[in-house]
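Report on one structure; see the data block that follows.
The values are calculated or read from the model by the stated rules, or taken from the named source; none is laboratory data. As the structure is a computational prediction, the values presented were derived from the model and not from experiment. Quick reminder, even Gly has a Cβ in these numbers, built from the backbone with ideal geometry, and neighbours come from all protein chains shown. The protein model used for the area step is the full one, side chains on, heavy atoms only, and it has no ligands, DNA or RNA in it. Shrake-Rupley method; radii C 1.70, N 1.55, O 1.52, S 1.80 Å.
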Amino acid sequence: MTLSETDTTTEPATAPRPPGGLTVPPGGGRTLRTAAQQVTFKVTGEQSRSASSFEVVVPPGFDVGAHVHTRSEELFYVLEGELDVLAFEPRVRTPDGWRGWQSTQGDRVVRATPGTVIVVPPGCPHAFANPTEAPARMFFQSSPPPDHERYFEELMDILSADGPTDHSAIAALRRRYDIEQLTPLRHDRPARSQ
């Protein structure tokens, strides 16, 4: 066959089909619950190469504790309620609590209300706590996947165990998942106002 001839007996080549997207309806996703936290997996490493996404309900009195990641980048978006949040390097990392921390630029802990976005690059100390008497709800994204998915699964196992929180198990878990704990995780209901 010459360049000017056309072979009409073969079928035309079909283009590869683009990958399908993902739609997660309200209330959709796998949910893990303990008295200390509720996490719904919205997008996992099976569906996204860039980030895992979660909806997190933070009960009154829960404090994740200040911590830092060397590899992970995180994004938090407050949907309901209020949270105290930290996302800066303090002048001094005191081990007893992060709420009084201040950066050399004057940054302080912020009371995050619905619509607040917090972006945390690798190496940035961060924390959130619910100091109110009502649950808070936030969208949380962690990159790269699936480390935070596995972390949440193992953390929920620890938090759902009977008896007091096993802080040494949480510390070991966090070391395995790129989390340097700076202040302790706590779950104490706030004192009621009189």
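In this rough spin-label picture, where each label sits 7 Å from Cα along the Cβ direction, the residue 186-residue 71 distance is 3.2 nm. Taking Cα atoms only, the orientation of helix 147-159 departs from the longest principal axis of the chain by about 40 degrees.
With the cut-off at under 18 Å, measuring from each backbone N in the stretch 96-120 to a point 7 Å along the Cα-to-Cβ line of residue 89 picks out 101-109, 119-120. Given a Förster distance of 35 angstrom, what is the FRET efficiency for residue 80 paired with residue 15, based on the Cβ-Cβ distance and rounded to 0.05? E(calc), rounded to 0.05, equals 0.20.
Summary value for the stretch 47-172: 40 percent relative contact order, contacts being C-alpha pairs under 8 angstrom separated by 6+ residues. Which of (1) 22.1, 93; (2) 16.2, 56; (3) 16.7, 52 is the computed Rg and Dmax of the Cα atoms in Å for the structure on display? So the calculated entry is the one marked (1). Working note: 222 nm ellipticity from helices only, DSSP H runs with n ≥ 4, each -39,500 (n - 2.57), summed and divided by the residues of the chain, gives -3500 deg cm²/dmol to the nearest 500. Over all other residues within a Cβ to Cβ distance under 13 Å of residue 46, the charged ones net out to +3, with Lys and Arg as +1 and Asp and Glu as -1. Distance between the 7 Å Cα→Cβ label points at residue 99 and residue 35: 2.1 nm. Evaluating 6.51 cos²θ - 1.76 cosθ + 1.60 at θ = phi - 60° for every residue in the stretch 121-127, the Karplus couplings come out as x, x, x, 9, x, 7, 6 Hz, glycine and proline recorded as x.
Farthest toward the positive end of the dipole of the chain, out of 18, 117, 81, is the Cα of 81, where the dipole comes from beta carbon charges about the Cα centre.
Close amide H pairs (under 5 Å, H built 1.01 Å from N) link residue 102 with 91, 92, residues at least 5 positions away or on another chain.
Summing charges over all other residues whose Cβ lies under 10 Å from the Cβ of residue 127, with Lys and Arg as +1 and Asp and Glu as -1, gives -1.
Per-atom-type breakdown for the chain gives carbon and sulfur 51% of the accessible area (1.4 Å probe, protein chains only).
In this structure the chain gives 59 Å² per residue of accessible area when probed at 1.4 Å with all protein chains present. Between 0 and 90 degrees, the angle of helix 167-176 with respect to the longest Cα principal axis of the chain falls at about 30 degrees.
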